[in-house]
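Laboratory data are not the source of any read-out in this text; all were calculated from the coordinates shown. All values reported here derive from a predicted model rather than from experimental measurement. Here Cβ is always computed from backbone atoms with ideal geometry, including for glycine, and neighbour counts include all displayed protein chains.
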Amino acid sequence: MKPIKVGLLGLGTVGSGTFNVLKRNQEEIMRRAGRAIEITMVAVRNVERAKDIVKGEVEIVTDGNLVVNHPDIDIVIELIGGNDIAKDLVLKAIANGKHVVTANKALIAKHGNEVFKAAQDKGVMVAFEAAVAGGIPIIKALREGLTANRIQWIAGIINGTTNFILSEMRDKGLDFATVLKQAQALGYAEADPTFDIEGIDAAHKLTIMASIAFGIPTQFDKAYIEGITKLEATDIEYAEQLGYRIKLLGITKRSEAGIELRVHPTLIPEKRLIANVEGAMNAVLVQGDAVGATLYYGKGAGSEPTASSVIADVVDITRLATADPEHRVPYLAFQPNALSDLTVLPISEVFTSYYLRMRVEDKPGVLADVTKILASFSISIDAMLQKEPGEGESRTDIIMLTHQTQEKNVDAAIAQIEALASVTGSVTKLRLEELS
Ligand code: HSE
């Protein structure tokens, strides 16, 4: 069979990994794909850097349009990222009847519905394994491996930068700003670290997983997103004393009322495997009704780990290129005409447990006032920690863990607690998941 021809848009970290792994493992990949896979053209910004990588073996251009309009190219691999140029080139490639492989989580999370519709109309495939959790084949697992299950929830550490920062803060007692600089120097953080530390990158990935798990259109704009920038070292320490670790989790759950879609720092029991995922590693925990809990762990970023996912998609497409489009795996696992309109719930409707830290006067009746307010909102306390005031201080910290309750109840209770004369400043609220 004649080789399948590939065009690359972008030859940065993931692009060069893709080029190198395809070349290194070409024989084995060909035995798996049934055809040779050849890179025909790469479009890059930095030609000199690209020359060093491709060493005269592939034509280098600076205009991505030459790749998406190339008559011989069957598959376009988009590794530019972002929404503007990348989206335009992906839609042009589809319009030209080319299959697309992309690592672009923002594109799929925000414009997935439009991209999939265009691809469906043209009968081409769009594959995006590398968009979520780098080298971990989580899309494949959710879309195919777990297809028998009614997925109940997913909880993932899906941003390596923030996991690295939280691990270092906990291990070495360093502050947030110092560790962020280290993460940038190590190349973990996105070009704009805001996307990592504010939880946006994780929300892109979570949005994609939720769509596949529950068969809903991608709805990034409905995700609740809270990053780690306001997280204080004190809370990491108190959480540890109570037997919990704080992780930036992407959580999506199906409930009677709808779908929860939320990214925020979360306390999880330290005995859970996922609580022990440290440094820049990623892990995704999926609960299905038939299989129970399954955990996927690995590198969520990096040149060759991400290339591993990109190439897996290229091989999938190569195998299925001649299949009738109706018989291919649907983009979001569910048939396009069988997607559901389940509501994505606002954060106020979410049910979870909470960690509350408040600074109070150490005098009789203060605790009674606080617990009375919690009881009036039917909020039950699961655990409590009170420190002795420091030398010469009359105020101290009280930390409470609650049982499950609804977010709007907790917010209303916090407003009343903060209004008490014996409570200083604001109450710190973090969410807690038992993940059992
Ligand atoms: N910046 C991302 C992370 C990697 O830290 O996990 C690419 O998604």
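Here are the numbers for the structure shown:
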item: Residue order, fewest to most surrounding Cβ atoms within 10 angstrom, among H403, H264, H204; result: H403, H264, H204
item: Gyration tensor over alpha-carbon atoms, the range 227-375, equivalent ellipsoid semi-axes in Å; result: 41, 22, 12
item: Neighbour-limited loop hits for GluC sites (Glu not before Pro), the range 148-238 (at most 14 other Cβ within 10 Å; DSSP other than H, G, I, E, B); result: E232
item: Cα long-axis angle, helix 303-320 against the chain (0 to 90 degrees, to the nearest 10); result: 50 degrees
item: Reach of K92 by Cα under 25 Å, taken over lysines that are not fewer than 8 positions away in the same chain; result: K2, K5, K105, K110, K117, K122, K205
item: Cα gyration tensor, the range 1-80 - rounded (a/c under 1.5), prolate or oblate; result: oblate
item: Backbone HN-Hα couplings from phi across the range 71-83 [Karplus 6.51/-1.76/1.60, Hz, Gly and Pro as x]; result: x, 8, 7, 8, 10, 9, 9, 9, 10, 8, x, x, 10
item: The chain - share of DSSP beta bridges that are antiparallel (%, nearest 5); result: 70 percent
item: Relative contact order (percent, whole number), the chain, Cα cutoff 8 Å, 6+ residue spacing; result: 16 percent
item: Mean ellipticity per residue at 222 nm, deg cm²/dmol - from DSSP H runs of n ≥ 4 across the chain, formula -39500 (n - 2.57); result: -10500 deg cm²/dmol
item: For the chain, built as a Gaussian network whose Cα springs stay under 10 Å, the top-fluctuating residue of M400, M41, M384; result: M384
item: Ranked by how many other beta carbons lie within 10 Å on average, peptides 405-413, 75-83, 180-188 from highest; result: 75-83, 405-413, 180-188
item: In degrees, nearest ten, helix 85-95 long axis to first principal axis of the chain (Cα); result: 50 degrees
item: Semi-axes of the equivalent ellipsoid for the range 349-432, Cα gyration tensor, largest first, Å; result: 22, 13, 11
item: Directionally averaged projected area (convex hull, Cα atoms, the range 292-336), nm²; result: 4.8 nm²
item: Between 0 and 90°, nearest 10: helix 13-24 axis offset from the chain longest Cα axis; result: 50 degrees
item: Long-range amide H partners of V344 with built H, under 5 Å; result: I259
item: Ratio of the Cα radius of gyration of the chain to 2.2 N^0.38 Å, where N counts its residues; result: 1.09
